[in-house]
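S.K.: Sending over a structure as structure tokens; questions will come in a sec.
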Amino acid sequence: MNYIGDIMKNLKNNILLLFILIITSVLIVFSDRAKEGAVYGIAIAEKIIIPSLLPLLVLFNFITVSKISAPIEKLLSPITEKVFRLPKCTAGAVIFGLLGGYPTGAVLTNSLLENNDIDKNTAKRLLLFNVNGGAAFIINAVGYSMLGSQKQGIILFASSTLSALIIALITGFFSKTPKNTVISFYNENISDALNTSVQKSVFAVLNISAFIILFSALESIINPPEFLLPIFEITFGISHNAKTLSLPEIAFFLAFSGFCIHLQLLPFIIKAGLNYIEFLISRIIH
């Protein structure tokens, strides 16, 4: 059995290597088109992702790492524990994850896991639903800027958030009652917590930006049908199809979040021990 397992692992690695070499060759051969796409991806990262996400991510990470969210966690603990069957310490990660948008929920979940505030099973559950388009992105970027209607942005954000909470509620039925956790008000020195939060947030935003640039370069070469663009990269895809997609279709793409977002979250998914197929199914259900 171990011999067969080694063969399958080597085959998987060889296929992955071949795939990477093909992508590298394509980027080299069509370097001019790849450069145009990369420039567009840099513009998206510079004008949308970094200014809208980085400040919020630093603050939300700081709140989680420093434990100053303890009053919120204590206030919401009856809902967190009794309704969603999650440890009370996850309240801040869920609220700020849903408000901040991808990858905020995953980043905050990872912070809780690294601090040993939650176990891997809880982290897996959070990653099944706490992957959402944030208020700023959906209401302002998609609604106001792309669709020309802040009202439609609010409808899309409410739809996506409600869907996520329904998944949280359903998965709670199959989970054990969480252990009572002791809420500590200040777990780390404030200055250390701020530095840690900045480092984690900058890494997350750089990671997002790099994937957006890569996908933008590849999309410029492959040139897939425009209606499929949101499946690959959500910001680029919706901005190109805002006038042709219906509101329910946009809601679907926002909830699915696109393979570019999936790859950005892959390190957190792997660290939590979540199978990608399970994550993919959760995105489709969402």
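The values are calculated or read from the model by the stated rules, or taken from the named source; none is laboratory data. Here the structure is a predicted model, which means the values were calculated and not measured. Each accessible area value is taken on the protein alone, full model and side chains, heavy atoms only, with ligands, DNA and RNA left out. Shrake-Rupley method; radii C 1.70, N 1.55, O 1.52, S 1.80 Å.
S.K.: Please state the relative contact order of segment 148-286 as a whole percent: Cα pairs under 8 Å, 6+ residues apart?
M.R.: In percent, rounded to a whole number, it is 27.
S.K.: Continuing with the same structure: Can you work out ³J(HN,Hα) from phi for every residue in segment 23-33, in order, using Karplus 6.51 cos²θ - 1.76 cosθ + 1.60 and θ = phi - 60°, giving whole Hz and x for Gly and Pro?
M.R.: Ordered by residue, 3J(HN,Hα) equals 4, 4, 5, 4, 5, 6, 5, 10, 4, 5, 5 Hz.
S.K.: Rolling a 1.4 angstrom probe over the protein chains, ignoring ligands and nucleic acids, what is the accessible area of Ser145 in square angstrom, nearest 10?
M.R.: Roll a 1.4 Å probe over it and Ser145 shows about 90 Å².
S.K.: Can you give the helix-only mean residue ellipticity at 222 nm for the chain, where every DSSP H stretch with n ≥ 4 adds -39500 (n - 2.57) and the sum goes over all residues, rounded to the nearest 500 deg cm²/dmol?
M.R.: For the chain, the value works out to -23000 deg cm²/dmol.
S.K.: In addition: Where the accessible area of the chain is counted over protein heavy atoms with a 1.4 Å probe, how much of it, in %, is carbon and sulfur?
M.R.: 68 percent
S.K.: Heavy-atom accessible area per residue, the chain, 1.4 Å probe: how many Å²?
M.R.: Counting only protein heavy atoms, the per-residue value for the chain is 52 Å².
S.K.: For Tyr102, Tyr40, give me the order by solvent-accessible area with a 1.4 Å probe, most accessible first, ignoring ligands, DNA and RNA.
M.R.: Tyr40, Tyr102
S.K.: With the cut-off at 16 Å, report for segment 59-137 the share of all Cα pairs above it, as a whole percent.
M.R.: 43 percent
S.K.: Under a cut-off of 19 Å between alpha-carbon atoms, report the aspartates and glutamates in cross-link reach of Lys243, not counting same-chain residues fewer than 8 places apart.
M.R.: Glu226, Glu233
S.K.: Ok, one more. Please label the shape of segment 84-216 as rounded, prolate or oblate, based on the square roots a ≥ b ≥ c of the eigenvalues of the alpha-carbon gyration tensor (a/c under 1.5 means rounded; beyond that, a/b larger than b/c means prolate, else oblate).
M.R.: oblate
S.K.: Going by a ≥ b ≥ c, the root eigenvalues of the Cα gyration tensor, does segment 1-137 fall in the rounded group (a/c under 1.5), the prolate group (a/b larger than b/c) or the oblate group?
M.R.: The shape class here is oblate.
S.K.: If you don't mind, another one. Can you give me the relative contact order of the chain as a percent, contacts being Cα pairs under 8 Å and 6 or more apart?
M.R.: That works out to 26 percent.
S.K.: Longer than 29 Å from Cα to Cα, which of Lys82/Lys271; Lys35/Lys124; Lys151/Lys200; Lys82/Lys124; Lys74/Lys124; Lys88/Lys151 are they? Say none if no pair is.
M.R.: Table pairs above 29 Å Cα-Cα are Lys35/Lys124; Lys151/Lys200; Lys88/Lys151.
S.K.: For segment 20-103, what is the relative contact order in percent, using Cα pairs closer than 8 Å and at least 6 residues apart in sequence?
M.R.: It rounds to 21 percent for segment 20-103.
S.K.: Another one. Roughly how far apart, in whole Å, are the Cα centres of segment 248-286 and segment 28-53?
M.R.: Rounded to whole Å, the Cα centres lie 22 Å apart.
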